[in-house]
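Where a number appears in this text, it was derived from the coordinates with a stated rule and is not lab data. Please read all numbers here as calculations on a predicted model, not as lab measurements. FYI the Cβ positions are ideal-geometry reconstructions off the backbone, even for glycines, and counts take in every protein chain you see.
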Amino acid sequence: MSPESIYRVLLVCTGNTCRSPMAAAALDLALASERERVEVRSAGTAAHDGQRAAESAIQICRAAGSDLSEHRAMRVTPVLLARADLILVMEREHLSAVLGQGADPNKSHVLSEWPEPGEPELAVSDPFGASIEAYEECWRRIRRHLERVVPRVHEALRARSA
């Protein structure tokens, strides 16, 4: 498979220990058979490189069939942003941060708001340091938003194959 045929999705939150790794895991699971044609990565606007995923995030993803135990946080960079075909951030402040680093505004979106009209009232709040129930709610919201995103990823893959 040529590198040009790979569709690259970058998910961004603050610390890259909760929301964006959970969103990457959820997207991997949702892509199913198309997974080998999509590179899914996550990063944080204020991540401490090498930090492990939050234990609650690891538990939630393990229960869903995904393993975050080897995840290590990574700070978002202009290179990561330039390589991405789609950048999904968890909050508007993350959108400002990635745009400030040169991300393409046409490829950069708040997860709860894209594709429009989205469901901005279902914000993906940071569960860091909160209860397991907060992580479960975060997981539910991420998965709900990804139900709108996955068809767009499939569409992009079909367009690349044409």
Filter result for the condition that a residue is crowded, with 20+ Cβ neighbours inside 10 Å, closer than 15 Å to Ala26 by Cβ and small (Gly, Ala, Ser), over Ala63, Ala84, Ala47, Ala57: Ala57
Under 9 Å between Cβ atoms, which residue pairs at least 6 apart in sequence (or on different chains) link something in the range 39-65 that is of a type in the set (Asp, Glu) with a partner that is part of a helix (DSSP H, G or I) and surrounded by fewer than 23 Cβ atoms within 10 Å (Cβ to Cβ)? Glu39/Arg83
Restricting to the range 110-129, give me the number of residues that are among the aromatic types (Phe, Trp, Tyr) and more than 18 Å from Pro21 (Cβ to Cβ). 1
Here are some conditions: (1) surrounded by fewer than 19 Cβ atoms within 10 Å (Cβ to Cβ); (2) aliphatic (A, V, I, L, M); (3) farther than 18 Å from Pro21 by Cα. Ile132 meets all but one. Which one does it not meet? (3)
If we ask which residues in the range 24-44 are within 20 Å of Leu99 (Cα to Cα) and either crowded, with 24+ Cβ neighbours inside 10 Å or of a type in the set (Lys, Arg) (or both), their number turns out to be 4
In the range 1-23, which residues are part of a helix (DSSP H, G or I) and surrounded by fewer than 23 Cβ atoms within 10 Å (Cβ to Cβ)? Pro3, Glu4, Ser5
Which residue pairs have Cβ atoms closer than 7 Å, lie 6 or more positions apart in sequence or on different chains, and pair a first residue in the range 142-153 that is under 14 Å from Pro117 (Cα atoms) and touching a residue at least 24 places away in the same chain (Cβ under 8 Å) with a second residue that is among the polar types (S, T, N, Q) and assigned to a helix (DSSP H, G or I)? His145/Ser112
